[in-house]
Amino acid sequence: MKKYMQDFKIIQNRRITPDYFVLELECPEILPEILPGQFAEVRVDHSPQTYLRRPISIYDVDYRSNRLKLLIKKVGIGSAKLFDLTKGLTLNLIYPLGNSFSLPEGNKVLLVGGGVGCAPLLLLAKQLNSKGVIVHALIGGRTDRDIVDVEKFSTYCKSVYITTDDGSLGEMGMVTQHSLFADEVLDYSKIYSCGPDAMMRAIARLATFKGIDCEVSLENLMACGIGACLCCIVETSEGNKTTCVQGPVFNIRDLKGWS
Amino acid sequence: MKKYMQDFKIIQNRRITPDYFVLELECPEILPEILPGQFAEVRVDHSPQTYLRRPISIYDVDYRSNRLKLLIKKVGIGSAKLFDLTKGLTLNLIYPLGNSFSLPEGNKVLLVGGGVGCAPLLLLAKQLNSKGVIVHALIGGRTDRDIVDVEKFSTYCKSVYITTDDGSLGEMGMVTQHSLFADEVLDYSKIYSCGPDAMMRAIARLATFKGIDCEVSLENLMACGIGACLCCIVETSEGNKTTCVQGPVFNIRDLKGWS
Amino acid sequence: MRDLSVDIHKLHLKNPVMSASGTFGYGPEFEDFFDVNKLGGILTKACTSKNRDGNRYPRMAETPMGMLNSVGLQNKGVDYFIEAIYPRIKSYDTHIIVNVSDSTIEGYVEVAEKLLPLDKIGGIELNISCPNVKEGGMAFGTSCPMAAAVTKAVRRVYPKTLIVKLSPNVTSIEEIALAVEGEGADSVSLINTLLGMAIDAEKRRPLLSTITGGLSGPAIKPIALRMVWQVAKTVKIPVIGMGGISNATDAIEFLLAGATAVQVGTANFIDPSVCSGIIDGIETYLERHNFNSVTEIIGALRT
Amino acid sequence: MRDLSVDIHKLHLKNPVMSASGTFGYGPEFEDFFDVNKLGGILTKACTSKNRDGNRYPRMAETPMGMLNSVGLQNKGVDYFIEAIYPRIKSYDTHIIVNVSDSTIEGYVEVAEKLLPLDKIGGIELNISCPNVKEGGMAFGTSCPMAAAVTKAVRRVYPKTLIVKLSPNVTSIEEIALAVEGEGADSVSLINTLLGMAIDAEKRRPLLSTITGGLSGPAIKPIALRMVWQVAKTVKIPVIGMGGISNATDAIEFLLAGATAVQVGTANFIDPSVCSGIIDGIETYLERHNFNSVTEIIGALRT
Ligand SMILES: Cc1cc2nc3c(=O)[nH]c(=O)nc-3n(C[C@H](O)[C@H](O)[C@H](O)COP(=O)(O)OP(=O)(O)OC[C@H]3O[C@@H](n4cnc5c(N)ncnc54)[C@H](O)[C@@H]3O)c2cc1C
Ligand SMILES: Cc1cc2nc3c(=O)[nH]c(=O)nc-3n(C[C@H](O)[C@H](O)[C@H](O)COP(=O)(O)OP(=O)(O)OC[C@H]3O[C@@H](n4cnc5c(N)ncnc54)[C@H](O)[C@@H]3O)c2cc1C
Ligand SMILES: Cc1cc2nc3c(=O)[nH]c(=O)nc-3n(C[C@H](O)[C@H](O)[C@H](O)COP(=O)(O)O)c2cc1C
Ligand SMILES: Cc1cc2nc3c(=O)[nH]c(=O)nc-3n(C[C@H](O)[C@H](O)[C@H](O)COP(=O)(O)O)c2cc1C
Ligand code: FES
Ligand code: FES
């Protein structure tokens, strides 16, 4: 897929919680096709501490209006700068980057997102739903403030389960502790997950144990995003692979130490 | 004089020409006394290329409203960033820095400013005028676009002469070529000058030749502005002096090679 | 149209702008962003005698106006390069220079010998300055005898253009440059990364798996420029300058300091089309200052 | 209240934060911005045997997240220091350490001998690393025998705390550190500035009158941190770390890497009260991570 570097216009910066926000961006030209799981490398201007771009998943796409959305969590200097951006300013993106989630064998799947890790799962839910797959989503966060945009997921998912560490929303505990996993046999043909490393590894163990196919979207540190620097590698059964080009989506069976 | 480091609120950014602008700033506390010729070290935020502060003269002061003004010319990265600042934002200043112009012996003086070099001369005109000194001003620039805020000077000056290199305003030529210098004997008791180095040196030679006392305000590159780094030095008859603490105003008789 | 071409020994470059090793893949990665044939040359990622996995993740950390990396020469080895990569890039209309690394002199020699028959490869860049490998690497570049020895050994088997890439982590880079010039290097390129380190204060851990790594980007430009200036005054062979170049002005500064050509590294990550803009910017500069040829500004610093 | 105090040989510092030589004047320049007695110590501007004018203007250039300077040891000499400056600062309730420089070993010795009787001066920092003087300066700091010789000569006449300030412009800073430790240095401080250069491309001239100058500021922090870590592993005497420290997190990184104390230089120019904030920030960090004393985090990097 051809990659682009373009200045997008900021149409809206919707602040959902004090930490989570959605940037709605308009492409100056016709938006190319974007696959679920792909991301953009975002240039953070006007900041001496953010020399490198920041990888951010593509949260949603509207081809009619040539717009896309990014769901971002404020965790450091770069994301804080992005949080401050206002309507009318521009944002430079290199996109669409990376591979994408693959289609499931069966027709019922589970998406497991942790915090801002939900970002790449929305497009996936949309795609799978449009293909007639029954999609369930399980979203976890530390508190209710980390559970955002549940309505969006509800549009494409049959059910949206929620866990929070403190029990402020949904079931209390971690995603892997959700009661849905209590069932001896799970009839999901595939689990897709994105979130903190520890969470994805726990899900991977669970999927392995239950014998369910599982893909995860890694958030390795990146310098270039286009396969040029070899900084973002992950160990796979076929040796080191780049997360930015050969990922970010990997089947856990290919990742060393994951299944 | 005690120095302060404070966040000022930007009340207005008045863009006079495509390059010149006046920032009107409000002090969060009561403004200390500021002498003509003093300057501030301005922090330019959000720019990886402007690590150091920028020295900018204090153009005007209003003690009643606790406000001061800076007249700035866009010449590089830092000043361009300042040009973009808008009302409501803050600007961090260390001020008031440096010495100041000294009072003249007689009661008729000439101020000679080149381009943005006029900045420190406005407060001086105001001060001298209030003390009953008759002030004449001669302002030079490359074109009429470099001659700004003449009305302000007119308020405190008996006459304001103008030269431009291209003749687009006032007499054509450089300040030193202005017809007022044609008179054999000039009855100014002092000339004060600020502007490009070459211009000040020409004025200094002229003043020496005519036997008139002369002070210039230097614009040496500065790192600290408070006498700590010794980067801004100028050679004087008493050895190296700092432009930031012992200047920026010097009598040309003390500067090596100036008179 | 100004004449932007320069010569690095027998290589006639259409312009002095090349991409730096390890920051440009092998070229294809950048084809979506500009016509890479526009470049004066492409330096490939390091090529070693055997397959190398490089260092463990994490391999990079951001620093003020720069970055640390400890990739550590990850590549599939020279045989794979010849079989799988070379065919894909040999039709480029620009010079391809292979960055050659190894842990032993024999390894360097082996890679050079295997690359020699490849028509499209007009030269190699001996990387004796990689700070991110335990054996060899920087050790070759920080001692005059070792730098001389590896250059001599490769020179014996490699008659095409031989560039030696110097390490900045030395007391006197001029001495190393003289040592490799003395053994027949056709050109020196500098600088490789400066050895640095970053720490996560909250976790009290190094940010790189290797603890230390190589610093690159605008932060190091003043050091790189100084070294290029020192070396260009010292050796007679052409100098290729790099370190923090992010725009045409930066590149011109290196040319003025005495570099015959430049390489652009980390800046490719921020703007993958940056090299194209740098080439255009150099031409604009020559026009504005009325130079007919880029060679007129090489070493033209007025001191 | 956590215990922030540390010991550099016989000097008991109330906290590990000192101002770096050449960036803090002698202290009075900063009194308007914070109570300088809050500092662990103040390093004075370099003091030489004779009056020195330093280098010609221009002496500084801005670089990406850093600056170059070529001030070149401007000061009025040790006699003037003793007569005119010492009386003004001797009542400070913090350690004053004089940064001693010269072009000859005899010069260093002369300054040290003259400073010895001053009650308030508990120690000196031998600057064998100034890149901005033609004679002496960095030459002493880039060769083991010379570094050893100057340390030995001063040690013979100076029984109080003797800190030697190392140059980063070397292949192995550990070797220099070992050399001065071997001659009885009580502590080493590092790093001084890295030799760099800046060019005005439009004018085709160097930006500094001296062509090259010393690079400081956040840009060099990764290099400084690496060197502090290397040296702290190598010597037994306490290490004082510096280079680009601009906030408490930076300072803590140096402590974790093994520095017993830190110095803050260029950051004072951007925020003259920065040292005060750094001291407070270290205390907050100790509280947050439940350390009773700052000594617990010195060298506490988990590798
Ligand atoms: C393919 C991919 C897709 C991503 N999608 C999104 C997204 O849609 N929305 C979103 O908010 N974030 C996403 N991230 C993570 C995002 O890139 C980082 O949060 C961001 O770069 C942090 O930048 P910062 O300057 O705010 O933080 P910094 O100031 O650089 O760092 C703050 C803290 O965050 C940690 N951190 C930084 N980057 C990462 C990372 N990649 N993974 C884990 N921890 C990190 C640092 O170690 C540090 O502790 C994605 C990352 C990848 C690789
Ligand atoms: C005491 C003092 C008072 C000043 N008062 C004013 C004022 O009231 N209004 C105003 O607009 N400017 C004033 N200046 C000049 C101002 O500081 C510089 O123009 C400014 O720092 C340039 O910053 P920049 O980032 O825009 O330019 P940069 O990008 O840093 O440089 C752009 C170009 O300007 C040149 N330049 C930068 N600084 C100076 C300087 N100090 N003198 C001469 N050339 C310089 C550079 O060499 C370069 O060619 C004053 C300077 C001093 C020392
Ligand atoms: C991620 C990365 C990988 C690199 N890999 C190599 C390499 O394989 N061989 C080499 O000689 N230099 C390598 N370098 C060094 C660069 O080629 C260049 O010398 C250095 O980064 C300085 O230039 P810059 O500041 O423009 O990046 C690498 C640099 C980076 C940032
Ligand atoms: C303007 C300036 C002047 C300096 N003068 C001296 C000096 O006289 N003696 C000395 O040992 N170091 C001197 N230094 C070096 C600093 O003390 C310090 O080692 C260096 O700047 C690195 O720290 P920093 O990045 O925090 O500034 C000077 C640095 C600067 C920026
Ligand atoms: S981030 Fe550069 S290769 Fe993946
Ligand atoms: S600018 Fe630092 S002493 Fe004047």
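The values are calculated or read from the model by the stated rules, or taken from the named source; none is laboratory data. Every value quoted in this text rests on a predicted model; they were computed, and no experiment measured them. Ideal geometry is used to build each Cβ from the backbone, glycine not excepted, and the neighbour counts take in all protein chains shown.
Things to note:
- Residue in the stretch D:72-84 that is farthest from the other protein chains (Cβ to nearest Cβ), counting only those that are assigned to a loop (DSSP other than H, G, I, E, B) and under 19 Å from the mean Cα position of the chain (by Cα): D:Gly77
- Conditions (1) facing chain C (nearest Cβ under 8 Å); (2) more than 14 Å from the chain's Cα centre (by Cα): number failed by D:Gly244: (2)
- Restricting the stretch A:39-62 to residues that are part of a loop (DSSP other than H, G, I, E, B) and farther than 16 Å from A:Gln6 by Cα leaves a set whose member that is farthest from the other protein chains (Cβ to nearest Cβ) is A:Tyr59.
- Candidates are the residues of the stretch C:255-265 that are over 11 Å from the mean Cα position of the chain (by Cα) and on the phi < 0 side of the Ramachandran plot; the one that is farthest from ligand 2 (Cβ to nearest atom) is C:Thr260.
- Being free of Cβ contacts under 8 Å to residues at least 60 places away in the same chain, closer than 23 Å to B:Thr176 by Cβ and either surrounded by fewer than 24 Cβ atoms within 10 Å (Cβ to Cβ) or in contact with a Ser or Thr (Cβ under 6 Å, 6 or more places away or on another chain) (or both) is a property that B:Val44 lacks.
- Here C:Ile282, C:Ile211, C:Ile252, C:Ile278 are screened, and the one residue that is among the aliphatic types (A, V, I, L, M), at positive phi, more than 16 Å from ligand 4 (Cβ to nearest atom) and in contact with a helix residue (DSSP H, G or I) (Cβ under 8 Å, 6 or more places away or on another chain) is C:Ile211.
- For the stretch A:235-253, the criterion of being away from ligand 5 (no atom under 16 Å from the Cβ) and among the hydroxyl-bearing types (Ser, Thr, Tyr) is satisfied by at least one residue.
- Given (1) away from chain D (no Cβ under 14 Å); (2) on the phi < 0 side of the Ramachandran plot; (3) modelled with pLDDT of 95 or more; (4) touching a strand residue (DSSP E or B) at 6+ places or on another chain (Cβ under 8 Å), number of the condition C:Asn69 does not satisfy: (1)
- Looking across the stretch D:285-303, the residues that are assigned to a helix (DSSP H, G or I) and over 11 Å from D:Asn15 (Cα atoms) come down to D:Tyr285, D:Leu286, D:Glu287, D:Arg288, D:Glu296, D:Ile297.
- Only residues that are over 16 Å from the mean Cα position of the chain (by Cα) and either within 20 Å of A:Gly225 (Cα to Cα) or within 16 Å of ligand 6 (Cβ to nearest atom) (or both) were counted in the stretch A:56-80, giving 3.
For every residue, the table says whether it meets (1) within 16 Å of ligand 5 (Cβ to nearest atom); (2) within 13 Å of another protein chain (Cβ to nearest Cβ); (3) polar (S, T, N, Q); (4) within 18 Å of the chain's Cα centre (by Cα).
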| site | (1), (2), (3), (4) |
| --- | --- |
| B:Gln177 | no, no, yes, no |
| B:Ile203 | no, no, no, yes |
| B:Met222 | no, yes, no, yes |
| B:Trp258 | no, no, no, no |
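- Any hit, the stretch B:17-34, residues being within 12 Å of ligand 2 (Cβ to nearest atom), assigned to a loop (DSSP other than H, G, I, E, B) and more than 15 Å from the chain's Cα centre (by Cα): yes
- Residue match in the stretch D:273-291 (condition: more than 30 Å from C:Glu283 (Cβ to Cβ), touching a strand residue (DSSP E or B) at 6+ places or on another chain (Cβ under 7 Å) and within 8 Å of another protein chain (Cβ to nearest Cβ)): yes
- Test result for D:Gly299, within 18 Å of D:Ser189 (Cα to Cα) and surrounded by fewer than 21 Cβ atoms within 10 Å (Cβ to Cβ): yes
- Residue that is surrounded by the fewest Cβ atoms within 10 Å (Cβ to Cβ), among those in the stretch C:184-222 that are within 7 Å of another protein chain (Cβ to nearest Cβ), among the hydrophobic types (A, V, I, L, M, F, W, C) and over 15 Å from C:Pro168 (Cα atoms): C:Ile211
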